[in-house]
Protein chains: 2
Amino acid sequence: MTTPQLTKNQSLVFDVLEKAEGPLSAYTILDKLRDHGFRAPLQVYRALEKLLEYGVVHRLESINSFVACAHPGDDCHSHGIVAFAICESCGQVMEFHDHEVDHRLMGWVRGQKFKPAKTTIEIRGLCEACAA
Amino acid sequence: MTTPQLTKNQSLVFDVLEKAEGPLSAYTILDKLRDHGFRAPLQVYRALEKLLEYGVVHRLESINSFVACAHPGDDCHSHGIVAFAICESCGQVMEFHDHEVDHRLMGWVRGQKFKPAKTTIEIRGLCEACAA
DNA sequence: CAATTGATGTAATAACATAACATCTGCAAT
DNA sequence: ATTGCAGATGTTATGTTATTACATCAATTG
């Protein structure tokens with residue numbers, strides 16, 4: 001899927017996420033955009049919904065937050081399942097892909113005749129700097 | 001870790017989860033326990049916290065719900081990372097383990113000198129019956 | 001008994017997410 | 001050009017999930 005032109009609100013939300021050091025909650029994004037006229041959570045959630053659909057933003061289920069995709073220029077969908085390592089101390093997120101992991105998980109679901117729609121892999125812990 | 005004797009509230013919450021067909025939210029558990037004297041969310045969350053610690057209950061991050069561990073008698077911790085396939089139609093949850101997936105993920109984090117604490121693998125989709 | 005610890009009870013509030021409805025804007029069809 | 005539609009936006013209210021703060025209670029132990 002190619003990313004369509006972003007609307008005004010989508011661009012604002014995406015810019016905030018791109019400039020952020022780490023993942024942000026929807027309400028944090030809202031606060032950062034009040035100066036730009038944002039008044040209600042729905043403005044953020046609606047933009048996020050599209051950005052997620054386009055694959056330029058990821059949702060981190062385990063911390064109810066959102067990050068810009070770490071692979072600008074690539075089409076995230078081409079990488080298969082995206083995995084995240086999330087530092088619980090500094091908030092830094094590392095995004096990665098592992099075809100063998102995808103293969104094993106998809107092999108298992110195929111054996112169960114389960115039809116996967118969306119897969120979440122999130123590793124919470126401490127990054128090298130914070131673990132020291 | 002061996003599971004200690006459960007307290008009254010822990011037992012009540014665990015029983016509700018064991019008898020349930022699928023995952024339950026904390027507030028659903030609360031409603032089911034009002035007859036047993038539960039009045040506030042915290043009574044549920046506190047019990048869940050311990051049950052999660054003992055490994056007899058799992059939290060499904062992507063749907064903000066909880067399930068009893070599908071491997072009674074086993075110590076879940078001995079299985080390494082637990083993965084879930086969650087049917088978005090009927091709510092059924094399948095729990096499984098894959099050592100190769102664990103190995104790949106842990107290999108990756110080791111390469112990053114990341115110290116993992118808790119890993120989530122959740123596949124949402126449709127179970128065989130619902131996909132038909 | 002006093003002190004400590006872990007479990008519990010209760011109220012209030014914080015944090016996350018969606019429903020429902022109104023309005024606006026750009027554009028295609030006639 | 002105007003009508004009609006679709007998508008985006010604005011606004012209010014509400015629903016859902018989770019935690020903070022503080023009080024009480026029960027069992028244990030020094």
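Assess whether A:Asp98 counts as being out of contact with any helix residue (DSSP H, G or I) (no Cβ under 8 Å at 6 or more places or on another chain), over 18 Å from B:Glu61 (Cβ atoms), more than 16 Å from DNA strand D (Cβ to nearest atom) and touching a residue at least 12 places away in the same chain (Cβ under 8 Å).
no
Among the residues that make up the range B:31-54, is at least one of them within 14 Å of DNA strand C (Cβ to nearest atom), touching a Lys or Arg at 6+ places or on another chain (Cβ under 9 Å) and within 30 Å of A:His58 (Cβ to Cβ)?
yes
Run down A:Lys118, A:Lys113 and say which single residue is closer than 30 Å to B:Gln92 by Cβ, part of a strand (DSSP E or B) and over 12 Å from the mean Cα position of the chain (by Cα). Full working, then the answer.
On the way: A:Lys113 fails: part of a strand (DSSP E or B).
From the options A:Lys118, A:Lys113, the qualifying one is A:Lys118.
Mind checking which pairs have a first residue in the range B:8-19 that is in contact (Cβ under 8 Å) with a residue 60 or more places away in the chain and a second that is away from DNA strand D (no atom under 14 Å from the Cβ) and acidic (Asp, Glu), Cβ under 8 Å, 6 or more apart or different chains?
Pairs that qualify, where the first residue is in contact (Cβ under 8 Å) with a residue 60 or more places away in the chain and the partner is away from DNA strand D (no atom under 14 Å from the Cβ) and acidic (Asp, Glu): there are none.
In this structure, does A:Gly22 turn out to be small (Gly, Ala, Ser), in contact with a Cys (Cβ under 7 Å, 6 or more places away or on another chain) and within 25 Å of B:Thr120 (Cα to Cα)? Steps first, answer last, please.
Details: small (Gly, Ala, Ser): yes; in contact with a Cys (Cβ under 7 Å, 6 or more places away or on another chain): no; within 25 Å of B:Thr120 (Cα to Cα): yes.
Criteria not met by A:Gly22.
Please go through the range A:84-132 and pick out each residue that is more than 7 Å from chain B (Cβ to nearest Cβ) and open to solvent by less than 70 Å² (accessible area, probe 1.4 Å).
Result: A:Phe84, A:Ile86, A:Cys87, A:Gly91, A:Val93, A:Glu95, A:His97, A:Asp102, A:Met106, A:Gly107, A:Gly111, A:Cys130.
All but one of (1) within 14 Å of chain A (Cβ to nearest Cβ); (2) more than 13 Å from DNA strand D (Cβ to nearest atom) hold for B:Gly55, so report the exception by its number.
The single condition B:Gly55 does not satisfy is (1).
Can you find a residue that is within 19 Å of B:Ala85 (Cα to Cα), touching a residue at least 24 places away in the same chain (Cβ under 8 Å), surrounded by fewer than 15 Cβ atoms within 10 Å (Cβ to Cβ) and within 14 Å of DNA strand D (Cβ to nearest atom) anywhere in the range B:25-36? Steps first, answer last, please.
Taking the range B:25-36 as the starting set, the residues that turn out to be within 19 Å of B:Ala85 (Cα to Cα) are B:25.
In the following step, the residues that additionally are touching a residue at least 24 places away in the same chain (Cβ under 8 Å) were identified as B:25.
Next, from what is left, pick out any that are surrounded by fewer than 15 Cβ atoms within 10 Å (Cβ to Cβ): B:25.
Subsequent filtering for residues that are within 14 Å of DNA strand D (Cβ to nearest atom) retains B:25.
The answer is yes, given that some residue of the range B:25-36 is within 19 Å of B:Ala85 (Cα to Cα), touching a residue at least 24 places away in the same chain (Cβ under 8 Å), surrounded by fewer than 15 Cβ atoms within 10 Å (Cβ to Cβ) and within 14 Å of DNA strand D (Cβ to nearest atom).
Confirm whether A:His79 is surrounded by 15 or more Cβ atoms within 10 Å (Cβ to Cβ) and more than 13 Å from the chain's Cα centre (by Cα).
Details: surrounded by 15 or more Cβ atoms within 10 Å (Cβ to Cβ): yes; more than 13 Å from the chain's Cα centre (by Cα): yes.
Criteria met by A:His79.
The values are calculated or read from the model by the stated rules, or taken from the named source; none is laboratory data. Remember, predicted model here, so these are calculated numbers, not experimental data. Note that we place each Cβ from the backbone using ideal geometry, even for glycine, and neighbour counts take in every protein chain shown. Protein only, heavy atoms only, side chains kept; ligands, DNA and RNA dropped before computing areas. Shrake-Rupley method; radii C 1.70, N 1.55, O 1.52, S 1.80 Å.
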